Amino acid sequence: MKKLASVFLMLSMVLAVGCGSEEATAPEVVVEETVVEDEVATGEVAPEDAGEDEAVAEVAPEDAGEDEAVAEVASEETTPEEAVAEVAPEEATPEEAVAEDAPEEATPEEAIKTTYVKQVKGFGGELEVETEIVDGKIVSVTVLNHSETAGIGEPATTEMPARIVEKQSYMVDGVTGATSTSNAIKEAVRLSLEESGADLSKYEVAPEEVVLTQAETETTDVVIVGAGMSGLMAAYEIYETDPDVNFIVVEKLDKIGGSIYGTSGVMYAGDSFAHEATGTEPSTSQDILEWFEEATGEDLNDDVIHTVFSQSRSEETVDMLAEYGAPFLDTLELTTPYNEKLHYVSIDGKGTGMQAFLEKLVEENPIDIRLNTKATALLTDENAVTGIVVEDETSSYEIQADVVILATGGFGSNPEMMELYAPEYADGFIFTNPGATGDGFILTEDLNVNKVGYGTMGPIAASDKKGLIPTSFMINANGQRFVNEKTTGPFSQRAVAEQPDQIAFVIADSSAEDLTPYESAVEKGTAQKYDSIEELAKGINVDVENLTKEIEAYNLAVENNQSPGFDLPVEKATPILKAPFYAQDVTIRVNGTFTSLEINGDLQVVNADGEVIDGLVAAGELTVGNVYTKRTPGGGFGISYAGNSGRAAAQTALEMIKE
Ligand SMILES: Cc1cc2nc3c(=O)[nH]c(=O)nc-3n(C[C@H](O)[C@H](O)[C@H](O)COP(=O)(O)OP(=O)(O)OC[C@H]3O[C@@H](n4cnc5c(N)ncnc54)[C@H](O)[C@@H]3O)c2cc1C
């Protein structure tokens with residue numbers, strides 16, 4: 001009996017270290033789970049206060065047979081074979097398994113180490129990955145913690161571990177659309193193998209190279225590249241307008257929707273059911289033009305604005321979505337507090353509600369959408385575009401078309417392009433979708449197309465990418481306010497981008513009844529708490545005199561029932577009076593990019609000589625810089641621009657086919 005219990009303990013420890021090294025030093029925990037109490041009472045296991053060395057010394061007498069050990073370990077869920085597989089390869093005795101793992105000079109602790117936890121950088125932040133390596137075998141890979149995006153990076157956190165364990169290699173194919181997450185997991189496993197002393201070359205089996213077959217060329221009237229909001233709206237505009245027109249949509253990811261899932265699901269509407277319900281005056285494209293030019297201080301492309309934001313176009317887009325069942329709420333909100341004419345409607349369930357709606361739309365109204373199919377080149381004939389070359393998982397083929405609509409989105413997920421076209425924002429938190437890699441620029445590289453617009457869309461956030469602490473007091477590195485803190489995210493994002501070194505802080509006092517958000521930010525380390533303004537200024541390295549003056553002026557204005565400046569309404573101001581005080585670092589978040597292909601008022605792509613490129617139309621974020629630059633003029637203009645421009649591009653394509 002002693003023999004059996006001792007061997008069992010060793011096995012338990014081998015299994016236990018697979019769950020975390022702390023458990024390995026606490027054998028009593030493992031024993032409690034699987035051995036009845038009176039057996040433990042025999043004192044055959046390591047005593048409670050035994051150190052790990054003692055515990056190891058106690059286990060594994062030489063003559064312990066594997067069968068006995070297996071019999072003892074097997075639980076209801078685990079067959080004996082599985083139990084063996086988890087611990088050691090078929091032929092190895094448990095002792096051998098441990099011995100083989102151990103480097104020559106191994107201490108007892110090292111000898112039984114089989115679990116490695118690594119922190120690696122993914123797409124949305126840090127991933128914590130646990131790899132269990134027993135006898136050179138990758139037994140399991142588990143992503144313990146991550147902040148990858150649901151539906152995009154997240155699937156890789158389960159799919160990649162399965163692939164790595166199956167192939168016993170960290171050089172497996174990544175998950176489509178989740179390259180950063182996939183690479184991070186591969187790196188964690190590589191680091192773990194390296195630490196385990198394994199010969200890395202054994203695990204560097206390159207994924208089998210897929211040789212794409214050459215499939216037959218297809219011919220259609222219109223091919224749409226990208227199935228985000230703009231590509232889908234282009235497709236359904238054709239579908240609704242002329243059922244005789246053939247079209248194909250190609251989408252390189254394994255799902256439709258592009259950026260939609262991450263949005264707040266609000267979209268500008270010139271006129272809508274909600275205007276009618278609330279008795280609100282509709283707005284026109286002229287209102288938009290005037291506001292956009294005032295907000296950005298730039299001379300924008302009037303023709304594109306009038307085409308995309310004509311009152312009827314934006315009303316029809318909302319109507320079309322509503323008719324297909326988009327779950328709009330009855331509310332109507334101002335797109336920005338700076339303009340009283342422009343409103344947005346909202347989707348129930350925000351971005352995820354919109355994503356679910358689009359998936360249902362496609363399911364219930366089938367069109368030819370090819371997922372996992374990437375446009376890799378444009379077919380051209382002299383100065384005209386005549387189709388695209390695509391690659392799917394197994395083949396490459398050409399699609400010849402009278403018109404190509406490019407709806408490939410922005411380039412936020414392409415770090416090189418961020419450095420090139422939006423360097424001020426390249427270090428921000430990038431929240432763009434994984435398909436937003438600037439393919440529209442790559443595909444048109446040889447066509448000599450001008451790029452227009454500059455900047456990114458997105459709000460500001462705390463250093464953990466989450467919301468900021470509640471306050472209406474924000475300062476720059478000089479201790480001075482610079483914007484209406486209650487304006488929409490895009491306005492404050494650009495305002496922060498324009499501050500010296502892009503440094504900004506929000507500051508709050510302790511007047512709020514519920515201090516939970518402040519205290520939990522302090523606990524998470526995203527905010528700091530100070531007993532005085534002097535200490536706070538010192539803590540965040542801001543000139544104390546400037547800050548004190550700024551606070552005094554702000555508090556005085558509020559006391560006199562006046563706006564403290566920058567159009568911040570006095571009723572929304574939050575005076576800084578009562579200690580302790582909280583300060584939080586402000587960071588920029590990037591949801592989309594502005595630099596775009598230049599288009600004309602019919603959304604045809606034009607070259608640097610101002611000539612229309614035959615057969616090529618573009619829509620959505622890929623062209624948004626024609627109407628926004630520097631800052632988004634308010635909330636809801638990204639989705640509505642994508643939807644309206646997709647429909648407008650489709651109308652141009654239909655006209656071109658007729659010619
Ligand atoms: C987190 C977040 C929040 C946002 N919030 C809002 C908001 O509340 N309101 C608002 O108005 N706007 C918001 N926006 C912006 C708005 O969502 C986008 O501007 C808009 O959805 C862009 O649509 P699109 O179709 O032009 O591009 P995308 O949505 O990027 O779609 C482009 C599609 O093309 C595919 N593609 C790219 N290259 C190829 C290729 N070579 N072959 C085949 N397919 C390809 C991509 O995989 C992608 O699916 C937000 C954006 C983000 C990321």
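Computed quantities for the displayed model
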{"quantity": "Nonlocal amide H pairs with Leu329, under 5 Å, H built at 1.01 Å", "calculated": "Ser346, Ile347, Asp348"}
{"quantity": "Dipole-positive endmost among Ala583, Phe594, Ala649 within segment 579-659 (Cβ charges, Cα centre)", "calculated": "Ala583"}
{"quantity": "Selection from Met171, Leu193, Gly153 lying farthest towards where the dipole of segment 115-203 points positive, charges on Cβ", "calculated": "Met171"}
{"quantity": "Relative contact order [Cα under 8 Å, 6+ residues apart], segment 460-590, whole percent", "calculated": "40 percent"}
{"quantity": "Charged-residue dipole, Cβ positions (Lys, Arg, Asp, Glu), segment 314-378 about Cα centre, Debye nearest 20", "calculated": "420 debye"}
{"quantity": "Phi-based couplings in Hz for segment 218-231 (Karplus 6.51, -1.76, 1.60; Gly and Pro marked x)", "calculated": "10, 10, 8, 7, 10, 10, 10, 9, x, 10, x, 4, 5, x"}
{"quantity": "Förster radius 25 Å - calculated FRET efficiency between Ser395 and Glu416 (Cβ-Cβ, nearest 0.05)", "calculated": "0.30"}
{"quantity": "Karplus (6.51, -1.76, 1.60) ³J(HN,Hα), θ = phi - 60°, over segment 611-616, in Hz, Gly and Pro reported as x", "calculated": "8, 5, 8, 4, x, 10"}
{"quantity": "Cα pair count fraction exceeding 22 Å, expressed as % - segment 460-590", "calculated": "29 percent"}
{"quantity": "In Hz, Karplus ³J(HN,Hα) per residue of segment 236-246 (6.51, -1.76, 1.60; θ = phi - 60°; x = Gly, Pro)", "calculated": "6, 5, 5, 3, 7, 7, 8, x, 7, 7, 8"}
{"quantity": "Leading residue at positive end of dipole, segment 460-590 (Cβ point charges), from Ser463, Gly479, Asn546", "calculated": "Ser463"}
{"quantity": "Relative packing of 572-579, 194-201, 183-190, which averages over residues the other C-beta atoms within 10 Å, highest first", "calculated": "183-190, 572-579, 194-201"}
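Read-outs: derived from the displayed coordinates by stated rules, not from any lab. Just so you know, these numbers come straight off a predicted model, no measurement behind them. Reconstructed Cβ throughout: ideal geometry from the backbone, glycine too, with neighbour counts over all protein chains shown.
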